[in-house]
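Asker: A single structure is presented below for examination.
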Amino acid sequence: MELLLVLILGLLYAAGVYLILRRSMVKLLLGIMLLGNGANILIFVLGKITKGSPPVIDGAYKVFQDIYADPIPQALILTAIVISFGLTSFAIVLLKRVYALVDSDDLDDLNTPEEEDI
Amino acid sequence: MLFTVLTGLITSSLLVPFGKFIKTKWSILLPFIPVILFLFYLWHVPVVANGTNIVQHLAWVPSLGINFDFRLDGLSLLFALLITGIGTGIFFYGRSYLKGHVYFDRFFAYLLLFMSAMLGVVLSNNILTLFIFWELTSISSFFLIGFNNDSKASRNSALMALSITGMGGFFLLAGLILTGNIAGTFVISELFAHHDQLIAHPLYPLIVGLICIGAFTKSAQFPFHFWLPGAMKAPTPVSAYLHSATMVKAGVYLLARFTPILGNTELWGITLMIVGGFTMIFAAVHSLFRTDLKGILAYSTVSALGILTFLLGVGTKDAIVAVSVFILVHALYKATLFMVTGIIDHETHTRDITKLKGLRKVMMPVFIASLLAALSSAGVPATFGFIGKDLIYEATLNFKENWAIWLTALAVLTNIGLVTAGFRAGIKPFAGKLPEEFRHVRLPYKSMWIPPMILAVLGILFGLFPGVVGAYFNHQTANAIAGGETDMHLQLWHGFNIVLTLSVATLAAGIALYFANNPTEEKLLALERFNVISSQHIFRRIGNGIEKVASWYTNTIHNGYLRSYHLKIILFAELLLGYKLWLGGPVRIDYANLTPLSWYEFGIAAILLGAMYLIVSTKSRLTAVVSTSVIGYCICLMFVFYSAPDLAMTQFTIDTLTTVLFVLVLYKLPPFINFTSRGVPIRDAIVALGFGVIISLIALRVLYEPNSTAISDFYGENAYLLAKGKNVVNVILVDFRGMDTMFETVVLSIAALGVYSLLKLRLKSSEKE
């Protein structure tokens, strides 16, 4: 399974990079989201992945009785997901605002307004 | 001595708040600063003439070896007297010259700054403080050359002078640091003891090269000479003070100062002789073709600086005596001639010697000063210049090698040129019949013609009593340069010998040349055709080249397109990471440790890949957004399979929220447009895939390495015992790392505020397009 995950994260990175190289602002944003997902899986796969044993202690015990999934990558990823949501939501609203001002999805149009003012 | 350096600096900064005040009649206070300093140094003359060196030490940055060490020996004293003495004249003169100028206060602030810096250069006993003052003189010179800042030519000349002398400063600094590191001290008086160690060091040629470049740029030696004629755009008092009498001699001072430290070798002697010798003859010839008074004086100054460098290169005791005398000779007559030029320019508004005639009728005292200076510059017997020239010939004739005769010939030719230049600048404007247009010209203020008069008279007086002058001023100077006792025997009359013959011949040839050759515009233009191969032209081309490269570089790297920045950053990261991966050898996979793959996982991966393909290829924004959310849900499922229920829940919630927000906000955007041509996506795809491959390889390599679980084990064991929670991930987030989570909340709140305000913000009508 690790190999499959590695393949997926590699492709997520590739797709993300490809999208941030485009001119469209929306694609840029989608690219950033994909890169974020890729990074999450990278962290996930680098901690030891384990099937069917979440890092939750059984009700009757005080310590783990069995093997359990590494909790640290999970804590890291959880933080990353939440923060990237903050970033994405702000970026989405910012995009809307830019679109209202410039009336375009083209990043290159952002270079010109100042010059036109002069 | 520190106070003499600080006085100027402090007064200079005081002129910022009190500038208005000093523009009134209170400006009379200004010249008294150099007067006091001059008297201070004059008072030291008898002490230093006995061979005593006055040393002052003040710790500044002791840890770096940078201290205010001042030392007054013969060489420093001669320069200090020139700086303050000629400074006194220039301050009186400049006060009248610039009367009523808008930037009157500014001018004197720069001039005071320069005077302090120059005193600092010649008094410093520490080579690093010497360097700091050295740079300060370049900077004040920059401001003074560009003083008429509404003229483009002035600004360009100022920039040129600063870049040449500033560049030289860099070389000088490198040379000084090398010297200090090899000798283990930055104190000049201690460096004398390291002479043998320094010249034996393998880096010695490099040090000589670096220090010489510093000195040559400052003292306008070929091929760096061209900034000095350009610097004549400065007001004439500045030309007289900085660009003939003092600042340009800083390079000569440096070479003289380092002669006992680095000199007495073939390399040192030959370098100075070649550069100085070429400069002196080159500039002397050039001065013959100038029609602008200041141009003539500028080139004859370059030539005189060449003579000084050349003599330091000859390096015999005779030559060093000649240097010590010629510095004084030149300062006296050249400052006079410059001030006279300034008067002519000020009263007639032209400096063209083809137009100026007969001015002696309207300004007799000026003519007398000018005549005396010209005679001294020509080396007519009974002037100080005569003694200076004798010493030069004596030095070249007594040179130890058998090509002494050629050196003498070179010196004679140069001096012929200087005689002519001196007469042309000092006598020609006053000779002949006064043309109608100059009848209205009046004698200027006394404060303008008295300073040059004093200097010119001194040039004669010193020539009449050379023994006294030699004993008090030049003897210790020569000793300081030679690093030992020299034979100072200044006499007015040596008897009939070969030196006298040469002197007379020089004078005769110079006068003949003065009458034979009249510089005209045509000759000047003919000469300027050779400018293509001049160093000035080459320098300018290098400057333009750098500008072109810089703008090409900026346009290529910093072109304003976000995607192009991304591309470069990613390519660079690929190169760096790829190189590191390649160094690590082949990637290995430990198949035994892998978890088995089941069919539903494979199914999810297939959906994920399909969604990814859709995002990249689709033309519809909605499809892309929905596909992104599909990817998010697939990842969510992976988390479910591999024991991460918290992640799965978070991912699910957030993915849903993002999609909703996206669709709500962006539904009215236009569809994607296909901007780029066919080739660009292929290039980007290759770069992107390369990046993906590199990240995957890194992941594989990390997977092969053994995993340390110490921290995870700690959290696992103590989650309930210490924190009373059974879900370890939650415990980590809200307890063990609770502070981090709190700040994360802060970040989210800020983002939420941003989102809220952006959504609420109404566009002003003017902003709507």
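Quick note: the coordinates plus some simple rules give every number you see, no bench work behind them. This one's a predicted model, so the numbers in the text were calculated from it and none came from an experiment. When we count neighbours, we look across all protein chains shown, and the Cβ atoms used for this are built from the backbone with ideal geometry, even at glycine.
Asker: Quick one: angle between helix B:562-583 and the longest Cα principal axis of chain B, in degrees between 0 and 90, rounded to 10, please.
Answerer: Approximately 80 degrees, to the nearest 10.
Asker: I would also like to ask the following. Using the Karplus curve 6.51 cos²θ - 1.76 cosθ + 1.60 with θ = phi - 60°, work out ³J(HN,Hα) for each residue of the range B:67-81 in order, rounded to whole Hz, and write x for Gly and Pro.
Answerer: 9, 7, 9, 10, 9, 10, 10, x, 5, 4, 5, 4, 5, 4, 5
Asker: According to the Kirkwood expression over distinct Cα-Cα pairs, how big is the hydrodynamic radius of chain B, in Å? Can you show the working numbers first?
Answerer: Values: mean 1/r = 0.0314 Å⁻¹.
Evaluated over chain B, this radius sits at 31.9 Å.
Asker: Which distance in nm do the two modelled labels at B:TYR561 and B:ALA752 give, with both placed 7 Å along the Cα-to-Cβ direction?
Answerer: Between B:TYR561 and B:ALA752, the simple spin-label model gives 4.1 nm.
Asker: Averaged across A:40-53, how many Cβ atoms of other chains sit within 10 Å of each residue's Cβ atom?
Answerer: Values: counts 5, 4, 5, 1, 6, 6, 6, 5, 7, 8, 4, 7, 3, 2.
What the average comes to for A:40-53 is 5.
Asker: List the trypsin sites (Lys or Arg not before Pro) in the range A:1-86 that DSSP assigns to loop (not H, G, I, E or B) and whose Cβ has at most 11 other Cβ atoms within 10 Å. Which are they?
Answerer: none
Asker: Something else about it: So between B:GLU266 and B:ALA526, what do we pick up on full extension, going 0.36 nm a residue minus the alpha carbon distance? Don't skip to the end; give the middle numbers.
Answerer: On the way: separation 260, 0.36 × 260 = 93.60 nm, distance 3.89 nm.
Computed gain between B:GLU266 and B:ALA526 is 89.7 nm.
Asker: A further question on this structure: Can you give me the C-alpha center-to-center distance between the range B:73-109 and the range B:162-181, rounded to a whole angstrom?
Answerer: Using only Cα atoms, the two centres lie 27 Å from each other.
Asker: Provide the descending list of Cα extents for the protein assembly as shown along its principal axes, expressed in whole angstroms.
Answerer: In descending order, the Cα extents are 121, 64, 52 Å.
Asker: Could you tell me how many cubic angstrom of Cα convex hull volume chain A has per residue? Intermediate values should be presented prior to the final figure.
Answerer: Details: hull volume 14.2 nm³, N = 118.
It comes to 121 Å³ per residue, whole-number rounded.
Asker: Sticking with this one: Quick one: grab the alpha carbon gyration tensor of the range B:279-426, order the square roots of its eigenvalues as a ≥ b ≥ c, and give me rounded if a/c is under 1.5, else prolate or oblate depending on whether a/b is larger than b/c. Can you show the working numbers first?
Answerer: On the way: a/c = 2.70, a/b = 2.00, b/c = 1.35.
Taking the square roots of the gyration eigenvalues as a ≥ b ≥ c, the range B:279-426 is prolate.
Asker: Still on this model: Sorted by average packing, counted as other Cβ atoms within 10 angstrom per residue and highest first, what order do B:296-302, B:274-280, B:430-436 take?
Answerer: Descending mean neighbour count gives B:296-302, B:274-280, B:430-436.
Asker: Would you mind giving the mean number of other chain beta-carbons within 10 Å of the Cβ of each residue in B:470-481, as a whole number? Kindly include the intermediate steps, with their values, before the conclusion.
Answerer: Numbers: counts 0, 0, 0, 0, 0, 0, 0, 0, 0, 0, 0, 0.
Counting other chains' Cβ atoms within 10 Å and averaging over B:470-481 gives 0.
Asker: Jot down the radius of gyration and Dmax of the range B:712-769, Cα atoms only, both in angstrom.
Answerer: My reading of the Cα-based Rg and Dmax gives 20.2, 63 Å.
Asker: Let me ask another. Classify the range B:354-456 as rounded, prolate or oblate, taking a ≥ b ≥ c as the square roots of the eigenvalues of its Cα gyration tensor: rounded when a/c is under 1.5, otherwise prolate if a/b is larger than b/c and oblate if not. If you can, show how the numbers build up before the last one.
Answerer: Details: a/c = 4.61, a/b = 2.33, b/c = 1.98.
Prolate, because a/c is 1.5 or more and a/b exceeds b/c.
Asker: Turning to a different aspect of this structure: So what's the convex hull volume per residue for the Cα atoms of the range B:259-322, in Å³?
Answerer: Numbers: hull volume 4.5 nm³, N = 64.
Per-residue hull volume (Cα only) is 71 Å³.
Asker: Another question, then. Per residue of B:699-712, count partner chain C-beta atoms within 10 Å of its C-beta, then hand back the mean as an integer. The partial results should precede the final answer.
Answerer: Details: counts 13, 5, 0, 3, 8, 0, 1, 0, 4, 0, 4, 0, 3, 10.
Per residue, the number of nearby Cβ atoms from other chains is 4 on average.
Asker: Give, as a single signed number, the net charge of other residues whose beta carbon lies under 10 Å from the beta carbon of B:SER300, with Lys and Arg counted +1 and Asp and Glu -1. The partial results should precede the final answer.
Answerer: Working: positive: B:ARG290, B:LYS334, B:ARG424; negative: none.
Net of charged neighbours comes to +3.
Asker: Multiply the residue separation of B:TRP406 and B:TYR600 by 0.36 nm, subtract the distance between their alpha-carbon atoms, and state the gained length in nm to one decimal. Let's see the in-between values first.
Answerer: Numbers: separation 194, 0.36 × 194 = 69.84 nm, distance 9.91 nm.
Extending this stretch completely gives an extra 59.9 nm.
Asker: Using modelled backbone amide H atoms (1.01 Å from N, in-plane), which distant-in-sequence or interchain residues come within less than 5 Å of B:ASN727's amide H?
Answerer: Counting only residues 5 or more places away or on other chains, the set is A:ILE57.
Asker: Now a separate question. Sorted by packing (mean other beta-carbon atoms within 10 Å per residue), highest first, where do A:70-83, B:75-88, B:696-709 land? Spell out each step's value before the answer.
Answerer: Working: A:70-83: 21.7, B:75-88: 25.5, B:696-709: 15.3.
Going from most to least packed, we get B:75-88, A:70-83, B:696-709.
Asker: Average projected area of the Cα convex hull of the range B:1-152, in nm²?
Answerer: 9.7
Asker: Okay, moving on. Run the numbers on the range B:1-81 and let me know its relative contact order in percent, using alpha-carbon pairs under 8 Å that are six or more apart.
Answerer: Details: 54 pairs, mean separation 22.3, N = 81.
That works out to 28 percent.
Asker: Using a 7 Å offset from the Cα along the Cα-to-Cβ direction at both B:ARG155 and B:LEU203, what is the distance between the two label points in nm, to one decimal?
Answerer: Going from the B:ARG155 label point to the B:LEU203 one covers 4.1 nm.
Asker: Let me check the size of the range B:65-155 from its C-alpha atoms; what are the radius of gyration and Dmax in Å?
Answerer: 14.9, 46
Asker: Let me ask something additional. Using a 10 Å cut-off on Cβ atoms, rank the peptides B:158-171, B:32-45 from the highest mean neighbour count down.
Answerer: Values: B:158-171: 20.5, B:32-45: 17.2.
The densest-packed peptide leads the list: B:158-171, B:32-45.
Asker: How high is the FRET efficiency from A:ILE83 to B:ILE546, r the C-beta distance, R0 51 Å, rounded to 0.05?
Answerer: Working: r = 45 Å, r/R0 = 0.87.
My answer for the efficiency is 0.70.
Asker: Between B:ILE589 and B:ILE686, take the C-beta separation as r, use R0 = 25 Å, and let me know the FRET efficiency to the nearest 0.05.
Answerer: Details: r = 25 Å, r/R0 = 1.00.
Calculated transfer efficiency: 0.50.
Asker: Just check the range B:560-621 against the gyration tensor rule for me: Cα atoms, a ≥ b ≥ c as the square roots of the eigenvalues, rounded for a/c under 1.5, and otherwise prolate or oblate depending on whether a/b exceeds b/c. Let's see the in-between values first.
Answerer: Details: a/c = 5.34, a/b = 1.11, b/c = 4.80.
In terms of gyration-tensor shape, oblate.
Asker: Follow-up question, since we're still on this one. Can you list residues whose amide H is under 5 Å from B:ILE66's amide H, if they're 5+ apart or on another chain and H is modeled 1.01 Å from N?
Answerer: Correct list: B:VAL61.
Asker: Among B:MET742, B:ILE274, B:ASN125, pick out the residue whose Cα is farthest towards the positive end of the charge dipole of chain B, where Lys and Arg carry +1 and Asp and Glu carry -1 on C-beta, about the Cα centre.
Answerer: The residue sitting most towards the positive pole is B:ILE274.
Asker: On the first, second and third principal axes, largest extent first, how far apart are the outermost C-alpha atoms of the range B:599-674 in Å?
Answerer: Principal axes ranked by extent give 41, 24, 12 Å for the Cα atoms.
Asker: Also, I was wondering about something else. Only Cα pairs under 8 Å and at least 6 apart count here; give the relative contact order of chain A as a rounded whole percent. Please report the intermediate quantities before stating the final value.
Answerer: Values: 97 pairs, mean separation 30.0, N = 118.
Contact order relative to length: 25 percent.
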